[in-house]
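Taken together, the values in this text are just the output of simple stated rules run on the coordinates, not laboratory data. Nothing here was measured: the structure is a model prediction, and the numbers come from that model. As a convention, Cβ positions derive from the backbone with ideal geometry for all residues, glycine included, and neighbour counts pool all protein chains shown.
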């Protein structure tokens, strides 16, 4: 296990420790969220009773293999807690950039349906301003994507179509494309409003006001940041 992997596991362990019997849980997507799902599976094997709402097909397959019972939002569960990762966390506001794993739309839907959201990261993801060194994923419909890209670039972002391993456009679980956009984000809410109104845009990877708690793994132990 690398040093970064150990920090991810540290934060995931602290988050899973907050899970209680009978909870409905949003199950995030990404490397740190996957560790949390593994840990949750171990607790389920020990008798913990929970129901998971996965944010991606990949997470759903992982949870099924671990014996975690699953539901979806069509069945109307109130989600008590979502545990998910992030690509960047603003240390002051706890606003996030998510979507490197390609599941940002479903992650945001599940987060919005949750009473609480705990974000698990290693300390390298904590930043004083979003957008430096990380592109903002923007999920778009495939039809006319070039026109959508031009509109996003006129709004001040440098967009790049995400490709899969086969060189074809990457498709999300919902069948959409992703543009990875380089832009300054001094005002994430304004960027969310501006980009979100562009025809063809489905959702952005800006998660504003959604995280209740961030747990960051550090060499001296978990650092906990709570929304005030």
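At a glance:
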{"read-out": "The range 191-228 versus the range 134-156: alpha-carbon centroid distance in Å", "value": "20"}
{"read-out": "Residues 89, 120, sorted so that the one with the fewest Cβ neighbours within 10 Å comes first", "value": "89, 120"}
{"read-out": "Three semi-axes of the equivalent ellipsoid, the range 174-228, Cα gyration tensor, whole Å, largest first", "value": "29, 14, 11"}
{"read-out": "Ranking of 23, 117 by count of other Cβ atoms within 10 Å, fewest first", "value": "23, 117"}
{"read-out": "Shape of the range 7-56, Cα gyration tensor, a/c cut at 1.5", "value": "oblate"}
{"read-out": "Pairwise label distance in nanometres, residue 91 with residue 78, each label 7 Å out on the Cα-Cβ vector", "value": "3.6"}
{"read-out": "Using distinct alpha-carbon pairs, which all enter the 1/r mean, Kirkwood radius of the range 136-205 in Å", "value": "12.0"}
{"read-out": "Percent breakdown of C-alpha pair distances by 5 Å bin, ordered from the shortest bin, for the range 73-142", "value": "3, 16, 24, 24, 18, 9, 5, 1"}
{"read-out": "Compactness index (Cα Rg / 2.2 N^0.38 Å), the range 1-142", "value": "1.01"}
{"read-out": "Percent RCO, i.e. relative contact order, over the range 136-205, from Cα pairs under 8 Å lying at least 6 residues apart", "value": "48"}
{"read-out": "Stretchable slack from residue 171 to residue 228, in nm (0.36 nm times residue separation minus alpha-carbon distance)", "value": "16.9 nm"}
{"read-out": "Förster radius 41 Å - calculated FRET efficiency between residue 21 and residue 220, Cβ distance, rounded to 0.05", "value": "0.85"}
{"read-out": "Separation of alpha-carbon centers, the range 26-43 and the range 54-79, rounded to whole Å", "value": "11"}
{"read-out": "Rounded FRET efficiency, nearest 0.05, which uses the C-beta distance separating residue 143 from residue 51 and R0 of 35 Å", "value": "0.45"}
{"read-out": "Relative contact order (%) - the chain, alpha-carbon pairs under 8 angstrom, separation at least six", "value": "23"}
{"read-out": "Order of 177, 207, 143, 170 under a 10 Å beta carbon neighbour criterion, fewest first", "value": "143, 170, 177, 207"}
{"read-out": "Computed E for residue 161/residue 194 - FRET, C-beta separation, R0 22 angstrom, nearest 0.05", "value": "0.65"}
